1. Given contacts defined as C-alpha pairs under 8 Å and at least six residues apart, what's the relative contact order of region 157-223, whole-number percent?
2. Just the number: Rg to Rh for region 157-223, Cα atoms, Kirkwood Rh, two decimals.
3. Ranked from highest to lowest mean number of other Cβ atoms within 10 Å per residue, what is the order of the peptides 311-321, 180-190, 49-59, 246-256?
4. What does the charge count around VAL268 come to, taking other residues whose C-beta lies under 14 Å from its C-beta (Lys +1, Arg +1, Asp -1, Glu -1)?
5. If Lys and Arg each add +1 and Asp and Glu each add -1, what is the summed charge of the other residues whose beta carbon sits under 13 Å from the beta carbon of ALA318?
6. Could you give the length gained by full extension between THR185 and ARG201, i.e. 0.36 nm per residue of separation minus their alpha carbon distance, to one decimal place?
7. Grab the beta carbon distance between ARG35 and VAL304, set R0 = 56 Å, and tell me the FRET efficiency rounded to 0.05.
8. Of the listed pairs LYS32/LYS203; LYS28/LYS50; LYS32/LYS197; LYS269/LYS291; LYS50/LYS291; LYS19/LYS203, which have alpha-carbon separations greater than 25 Å here?
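No value in this document is a laboratory result; all are computed from the given coordinates. Keep in mind the model is a prediction, meaning the values are calculated, not measured. Counting neighbours? That spans all protein chains shown, and the Cβs are built from the backbone with ideal geometry, glycine included.
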Amino acid sequence: MAGQDWFEKDFYATLGVPKDADAAAIKKAYRKLARQHHPDANEGDDTRFKEIGEAYSVLSDIEQRQQYDAIRSMSHGGARFAPGGQGGAGFEDLFGGLFGGAGAPGGGGQRAQFDSTGGIDLEDLLRGMGGAPGAGGGRGGRFSGFGTRGPRRGADVNATTTLPFREAVVGSTVTLRTPEGRTVTARIPAGVKDGQKIRLRGKGSDGDPGAAAGDLMIQVAVTPDPVFGRQGDDLTVTVPVTFAEAALGAQVDVPTLDAEGDVTTVRVKVPAGTPSGRTLRVKGRGVKHAKGFGDLRVTVQVAVPQRLTDDAREAVEAYAKATGGEDPRADLMARARSPRTGG
């Protein structure tokens, strides 16, 4: 923060403490206000929170507080400045007393510069002290408080976690350990996809005093399920049916997942003449998302028995004889022999 701003900001008023408040009183006031105005409690508005953090970062540092008090005294009639000491205290004399002779005649320091109206060119002065923006003044310098930009937000932290398919569908609570060794409990929302990243605000590394913590970025890996699959927000399942059920039609029970991730069933109508591989859709029985639920996609697979009883074999042979004039591959062969069209 540029020193010029310190003329306009009353950090004591920001924290609600008197100018002679000790370090304990300042810290106590800051903690109370930081909790009250934290962005999480104010719908994400961090304006007041940043002001409180900025005030605390200056007043909690002994050297910066001394510099701030000296700068602020200029705006309250505590001293008047004019070239050569005319009309009041000379600027060089005052700063020589406050900061060990910087700018004092014969002191070898940077002399104060005055503008055409007889006022002080504050930016020139701060530049000489190494604290003005762009002057290269660092935090460790004697007058580094002038160049401070306020407390820094904490860094974001990346983490990974693996969830079983069914927990990813309905949501889960996981416990993670950060690089700093902290344990973080995080809620993974329902419907998270494999490879998706979840941002948890304020769960990352701590920031400077008065600054917000960083975020925790969790990348989720989802393990496959032996029964269920997923297409977008739709749950998928392949259901075997007998030839008779596919040919004549039937009502079959199909497994799905309830809101807790437990297996339940839903009855699905298989229309007569359903071929193997056809997908039937059940509305609203899929994966939960922001606007509701996806669908359940049921793929029918006609099961062919590997062994037949004598009665079953006679029945199949009778069926084959009854449909002997049909060739299910006739259309395929016709399309294969037709001239190719298009590009």
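1. 40 percent
2. Answer for region 157-223: 1.02.
3. Order by mean packing, descending: 49-59, 246-256, 180-190, 311-321.
4. Net local charge, VAL268 excluded: +4.
5. Combined, the nearby Lys, Arg, Asp and Glu give -2.
6. In short, 4.5 nm is gained.
7. Given R0 = 56 Å and the Cβ-Cβ separation, E is 0.25.
8. Checking Cα-Cα distances, LYS32/LYS197; LYS269/LYS291; LYS50/LYS291; LYS19/LYS203 exceed 25 Å.
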